[in-house]
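Worksheet for the structure shown next.
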Amino acid sequence: MKFYFTLAALAALTLVACQNSTPTYPARQPPPGLLEAPDAIAAGARLFVSRCASCHGKTSEGRSPRADFFQPPAPDFSDPVYQHKDPAYLFWRIEVGKNAEPFRSQGSVMPAWRGLSDREIWQLVAYLKKRSV
Ligand code: HEC
């Protein structure tokens, strides 16, 4: 009995450990200077309001009431932790959305934004990193 309990506890721990580890994603470099360029950040802000704010934004930006019920929730990019996120990670998440593990299994509703150009995705990354500033 004790053995099975230990086994179950170990399995649960492994699951938790796997969920918390950052998944692997492609290494990418933004175009030089883009992340700091005011016009790129402004372009990213416009894209954010038109495509992302319904889930990630504030009510004044058009946040939808259903956004409060997503599980997992859509993160709030005004949290300063986003200033320090790897730009390549943010790019990858915008590009693949929920179509990667562990997000798919978690029931994520984050869309994949493959219709955007690489430049537009970098502009969004530039904005997300500055949204809390
Ligand atoms: C339909 C609602 C919805 C829309 C629209 C949406 N997202 Fe998301 N997004 C989510 C949810 C829910 C999550 C959390 C689950 C996950 O990570 O997949 C998420 C996660 C993310 C993450 C990962 C954050 C992290 O800390 O790992 C990024 C980056 C992101 N979204 C960027 C965007 C951008 C940029 C746009 C607009 C181009 C956008 N999202 C539009 C729902 C949405």
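The values are calculated or read from the model by the stated rules, or taken from the named source; none is laboratory data. It should be emphasised that the depicted structure is a prediction, and the values quoted were computed from it without experimental measurement. Cβ: placed from backbone, ideal geometry, glycine included. Neighbour counts: every protein chain shown. The area values use the complete protein model at the heavy-atom level, side chains included, leaving out ligands, DNA and RNA. Shrake-Rupley method; radii C 1.70, N 1.55, O 1.52, S 1.80 Å.
Descriptive notes on the structure:
- Between ARG66 and TYR89, the C-beta separation translates, for a Förster distance of 25 Å, into a calculated FRET efficiency of about 0.45.
- Karplus-derived 3J(HN,Hα) values for region 107-121, using 6.51 cos²θ - 1.76 cosθ + 1.60 with θ = phi - 60°, are x, 4, 10, 5, x, 8, 9, 5, x, 7, 6, 3, 4, 5, 5 Hz; glycine and proline are entered as x.
- Of the accessible area of region 14-133, computed with a 1.4 Å probe over protein heavy atoms only, carbon and sulfur atoms account for 56 percent.
- The residues of region 26-99 have, on average, 58 Å² of accessible surface per residue, using a 1.4 Å probe with all protein chains present.
- Dmax and Rg, reported as Rg then Dmax, of region 39-133 (C-alpha, Å): 12.6, 37
- Amide H partners (placed H, <5 Å) of TRP113, local residues excluded: GLU95, VAL96, GLY97
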